[in-house]
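Asker: Please read through the structure below; I'll follow up with questions.
The values are calculated or read from the model by the stated rules, or taken from the named source; none is laboratory data. No experiment lies behind these values; they were computed from the predicted model shown. No Cβ is skipped: glycine too gets one built from the backbone with ideal geometry, and neighbour counts run over all protein chains shown. Note: areas computed on protein heavy atoms with side chains; ligands, DNA, RNA excluded. Shrake-Rupley method; radii C 1.70, N 1.55, O 1.52, S 1.80 Å.
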Amino acid sequence: MSSSSTPRAIPLATIEHLDRFAGQNVELRGWVHNRTSKGKLHFVTLRDGTGYVQCVLKKNDVSDELFDTIGAASQESSLRLFGEVRADDRAPGGYEISVTGGEVLQSTSDFPITPKEHGADFLLSRRHLWLRSRRQWAIMRTRSAIMFSLRRFFDERGFLCIDSPIFTPSACEGTSTLFEVDYFGDEKAYLTQSGQLYAEASAMAFGNVYTFGPTFRAEKSKTRRHLTEFWMLEPEMAFATLEDVISLAEDMIVRVVSDVLETRRTELDVLERDISKLEACKGGFPRITYDDASKILLEHPDSEFVEGDDFGAPDEEILAAMHDQPLVITHYPKAVKAFYMKEAPENPTRVLAMDIIGPEGAGELIGGSQREEDLDTLLAAIAHHQLPMQEFEWYLDLRRFGSVPHGGFGLGLERLVRWICGIEHIREASPYPRMMTRIRP
Ligand code: 4AD
């Protein structure tokens with residue numbers, strides 16, 4: 001059968017779920033990932049976005065026209081194929097297709113991204129095509145599974161998903177990384193650095209909430225961990241302490257890692273991820289206070305840490321390298337943290353804050369805190385940080401009307417994807433990464 005019309009009796013299958021069609025004839029739609037030919041045989045590795053499968057065309061089983069057009073179709077040609085799904089232990093994925101018919105929709109040549117090595121700049125400039133590679137397939141499928149797992153984790157716990165706005169009139173995480181937007185002439189607006197302040201308002205309305213969306217930082221740093229646009233998941237809980245915040249974050253990480261290990265094994269194998277490192281993430285994360293961590297760093301020969309400063313990435317790496325699991329650092333100096341954090345009752349120079357640093361050089365995955373719920377203390381903090389008080393009036397209302405202890409955290413999605421996938425540079429953790437030097441394509 002070589003006609004281009006789909007026989008009704010033949011089901012449309014996806015490569016991911018070929019096991020549901022073993023022994024049956026199916027239709028597959030996709031692109032040539034790779035083709036080799038040997039005499040009267042063509043071997044096409046077909047990709048359809050859900051997976052990869054080898055399709056075998058024997059000259060005698062298909063029309064001459066199909067055999068010849070497939071023989072001329074190179075990487076990324078688009079096609080429909082019909083054939084029998086055959087279980088084969090030697091085939092990657094366990095199945096192979098014995099092709100009986102089909103058509104080439106577009107025969108393409110000179111696809112710019114070939115299996116050979118390309119430089120990062122070359123690939124990033126062609127990100128719209130680079131996404132078709134097997135490695136990017138594995139990363140994006142893992143990213144999607146991580147997002148699903150995160151949402152499921154919070155939904156199952158009864159957290160309400162309440163979006164925070166992207167245009168905001170004020171800073172949440174310091175004024176030095178704000179992207180300014182012209183908002184109809186006279187009003188200044190900024191792209192949000194964090195949905196937290198709105199999540200706090202939502203928590204006072206709905207109890208336990210989360211916001212999950214794009215956030216922006218005008219980071220001038222060209223590191224392997226910084227994007228200018230990244231996704232942040234931010235839960236916020238009414239009636240919660242720092243302890244509640246830490247234990248929520250810990251449960252969340254353990255759950256996501258376990259879900260990914262269950263559903264994205266093939267993808268992790270493509271990425272050659274050392275699974276044992278992820279399996280070590282079982283909960284009971286080690287914890288250390290800022291003061292104890294400082295002592296370690298001050299005595300460490302490779303650290304340039306200055307007492308009282310925030311930890312830099314190299315400091316975090318030294319501390320995290322001492323553990324297989326993510327490390328929780330708490331009680332940072334008030335002076336290095338954001339205005340909204342609650343002072344530690346036993347030492348007002350410290351705040352009830354926590355950062356979670358991933359293992360294997362993952363860096364900071366999470367930043368969170370218990371929030372200052374006292375109106376006067378918060379007023380003083382806003383003044384101390386020289387933030388425009390009038391822009392925080394609505395936020396201060398949360399402390400005027402039924403203020404309660406509360407807290408939450410922010411998880412950088414691409415940081416988590418980078419760690420779970422074992423990627424060197426965060427740019428591969430985002431489908432269309434935005435960095436200081438790149439906003440195209
Ligand atoms: O520690 P941060 O700045 O915390 C906040 O924004 C809080 N308002 C969150 C909250 O409590 N609701 O950022 C949180 C996380 C970091 O731990 C990191 O994972 C990620 O956001 N992040 C970035 N990821 C990629 N590129 C950047 N430039 C990032 N800046 C922060």
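Asker: Test each condition in (1) open to solvent by less than 30 Å² (accessible area, probe 1.4 Å); (2) assigned to a loop (DSSP other than H, G, I, E, B) for Arg90 and report the one that comes out false.
Answerer: With (1) open to solvent by less than 30 Å² (accessible area, probe 1.4 Å); (2) assigned to a loop (DSSP other than H, G, I, E, B) applied to Arg90, the lone miss is (1).
Asker: Among the residues of the range 347-372, how many are charged (D, E, K, R) and near the ligand (Cβ under 10 Å from one of its atoms)?
Answerer: Matching residues across the range 347-372 total 3.
Asker: Residues Glu414, Glu360, Glu424: which one is open to solvent by 50 Å² or more (accessible area, probe 1.4 Å), in contact with a Phe, Trp or Tyr (Cβ under 9 Å, 6 or more places away or on another chain) and closer than 28 Å to Lys282 by Cβ?
Answerer: The unique qualifying residue is Glu360.
Asker: Just checking: which of the helices (runs of 4 or more DSSP H) contained wholly in the range 120-170 hold 2 or more residues that are over 16 Å from Thr211 (Cβ atoms), among the hydroxyl-bearing types (Ser, Thr, Tyr) and open to solvent by less than 20 Å² (accessible area, probe 1.4 Å)?
Answerer: 134-156
Asker: Can you name the number of the only condition in (1) modelled with pLDDT under 95; (2) loosely packed, with under 14 Cβ neighbours inside 10 Å; (3) within 18 Å of Glu200 (Cβ to Cβ) that Phe401 fails?
Answerer: (1)
Asker: Taking the options Leu268, Leu233, Leu248, Leu227, name whichever one is open to solvent by less than 20 Å² (accessible area, probe 1.4 Å), assigned to a helix (DSSP H, G or I) and within 16 Å of the ligand (Cβ to nearest atom).
Answerer: On the way: Leu268 fails: within 16 Å of the ligand (Cβ to nearest atom); Leu233 fails: assigned to a helix (DSSP H, G or I); Leu227 fails: assigned to a helix (DSSP H, G or I).
None of the others qualify; the one that does is Leu248.
Asker: Please find, among Val209, Val181, the residue that is closer than 20 Å to Tyr340 by Cα, touching a residue at least 12 places away in the same chain (Cβ under 8 Å) and more than 8 Å from the ligand (Cβ to nearest atom). Break it down into steps so the answer makes sense when it comes.
Answerer: On the way: Val181 fails: closer than 20 Å to Tyr340 by Cα.
Going through Val209, Val181 in turn, the sole match is Val209.
Asker: Separate question: Considering only the range 288-307, state which residues are under 30 Å from the mean Cα position of the chain (by Cα) and in contact (Cβ under 8 Å) with a residue 40 or more places away in the chain.
Answerer: Ile288, Thr289, Tyr290
Asker: Between a first residue in the range 325-336 that is in contact (Cβ under 8 Å) with a residue 12 or more places away in the chain and basic (Lys, Arg) and a second residue that is assigned to a strand (DSSP E or B) and crowded, with 21+ Cβ neighbours inside 10 Å, which pairs have beta carbons less than 7 Å apart while being 6 or more apart in sequence or on different chains?
Answerer: Correct list of pairs: Lys334/Arg350; Lys334/Val351.
Asker: Which one of the conditions (1) within 16 Å of the ligand (Cβ to nearest atom); (2) closer than 29 Å to Glu200 by Cβ; (3) crowded, with 16+ Cβ neighbours inside 10 Å; (4) without any contact (Cβ under 8 Å) to a residue 60 or more places away in the chain does Ala344 fail to meet, given that it meets all the rest?
Answerer: Of (1) within 16 Å of the ligand (Cβ to nearest atom); (2) closer than 29 Å to Glu200 by Cβ; (3) crowded, with 16+ Cβ neighbours inside 10 Å; (4) without any contact (Cβ under 8 Å) to a residue 60 or more places away in the chain, only one is false for Ala344: (1).
Asker: Inspect all residues belonging to the range 390-411 and state whether any of them is touching a helix residue (DSSP H, G or I) at 6+ places or on another chain (Cβ under 9 Å), within 26 Å of Ser276 (Cα to Cα) and within 13 Å of the ligand (Cβ to nearest atom).
Answerer: yes
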